[in-house]
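The structure under discussion appears below in the form of structure tokens.
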Amino acid sequence: ERARLARLRHTPAVTLDGERVELHANIELPVDAVAAVEAGATGVGLFRSEFLFMNRGGELPGEEEQFLAYRAAVEAMRGMPVTIRTVDVGADKPLDRMSASELRHEHVLNPAMGLRAIRWSLAEPSMFRQQLRAIYRASAFGKVRLLIPMVAHLSEIRQILESVKKVQQQLTDAGRAFTKVELGVMIEIPAAAVMLPLLLQHVDFVSIGTNDLIQYTLAIDRADEAVAHLYDPWHPAVLHLLAQSIAQSRAAGKSVSVCGEMAGDPAFTDILLAMGLRSFSMHPSQIPSVKQRILRADAARLARLMPDLLVSEDPQRDAELAFSLQKGVT
Ligand code: PEP
Ligand code: MG
């Protein structure tokens, strides 16, 4: 089994009909990049930078500490892309010591809909620029991509681009090296999925965060046990938003990836391939089993099943039936 997994690690993820698929890793700390390389990841699709900010008492990491962490991840990936997401704090990922503006919002009723992720970063401009400077400085050591969580408004992208411009000028003035960094946004709020063609005109890539996209589409708190049975990735509305987002990104010539739990669950590999997805990001431990599904898949045949599945009353049942039939293993 170990030998088989080791062989699999060096096998590129290519479907039976020759479609190449990127399998990237989700990491929380730079040391996780080691496991990512060992699992055969071809990049980091999601570095959840908020883990540098959590569980550390009062002190938040400054530019230098962040830079060292990002550089460590970039160097561990040896030239493969590292997608660093700016802090996604709030809601399920609170800071120990909230900043001044966060404290003003201490008693919010719906933290999932509150001042979190990019909203928090834009409310803390000096903290945001500090993080951007650390990310840009790391770009001198490998291929860095910048990913923004929970975007819902075009005005947020405009503000981000302004901060980026300012930070680039600051680094240039300080004689700090940096290279081109692609800008991407996460699609995890239905509004962003619905207006994706507009967003795509301003960004280089998108990454679909299905964990939150499902939560906000179905109005199901992803951490609430009482409604966990209604948290359904197979819900037709979720599939519809996913299929549409992947198709629109591809049509715009922009790279699109899924980095939520669906990407790392082999039960969804076939349907994501059917939608045209060619980039998955997941916990490193999931890479071998997702790769095995890809190696056995015929992407063109899967794609032909998609129109029927999008109008199905029970997509999960119909997908399982259709996918097993097309493999001839009923
Ligand atoms: C997501 O929402 O799918 C995602 C990848 O981000 P997180 O799970 O960190 O909220
Ligand atoms: Mg999310």
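Taking 0.36 nm per intervening residue step and subtracting the Cα-Cα distance, what contour gain separates ALA237 from MET54 on full extension? It would help to have the intermediate numbers written out before the result.
Numbers: separation 183, 0.36 × 183 = 65.88 nm, distance 3.35 nm.
That pair, ALA237 and MET54, stretches by 62.5 nm at full extension.
The chain: longest stretch without exposed trypsin sites (Lys or Arg not before Pro) (DSSP loop, at most 15 other Cβ within 10 Å), sites themselves excluded?
181-295
If the reach is capped at under 22 angstrom between alpha carbons, list the lysines near LYS166, excluding any in the same chain fewer than eight residues apart.
LYS143, LYS180
Could you line up ASP308, ASP221 from fewest to most neighbouring Cβ atoms inside 10 Å?
Fewest-to-most ranking of ASP308, ASP221: ASP308, ASP221.
Loop only per DSSP, at most 13 neighbouring Cβ atoms within 10 Å: give me the GluC sites (Glu not before Pro) in the range 239-330, ordered by residue number.
On the way: sites: GLU261, GLU313, GLU320; in loops: GLU313.
Answer in residue order: GLU313.
Report the label-to-label distance for ALA247 and LEU5 in nanometres (one decimal), using points 7 Å from each Cα along the Cα→Cβ vector.
3.9 nm
Name the residues whose placed amide hydrogens come within less than 5 Å of the amide hydrogen of MET150, ignoring near sequence neighbours (fewer than 5 apart) on the same chain.
MET186, GLU188
Only loop residues by DSSP count here, and only those with at most 12 other Cβ atoms within 10 Å; note down the GluC sites (Glu not before Pro) in the range 1-78 that meet that. List each step's numbers first, then the result.
Working: sites: GLU1, GLU19, GLU22, GLU28, GLU38, GLU50, GLU59, GLU63, GLU64, GLU65, GLU75; in loops: GLU1, GLU19, GLU28, GLU59.
Loop-located and lightly packed - GLU1, GLU59.
Rule-based calculations on the coordinates, nothing more; no lab input. Just so we're clear, the structure is a prediction, and the values are computed from it rather than from any experiment. Glycine gets a Cβ as well: all are built from the backbone with ideal geometry, and neighbour counts include every protein chain shown.
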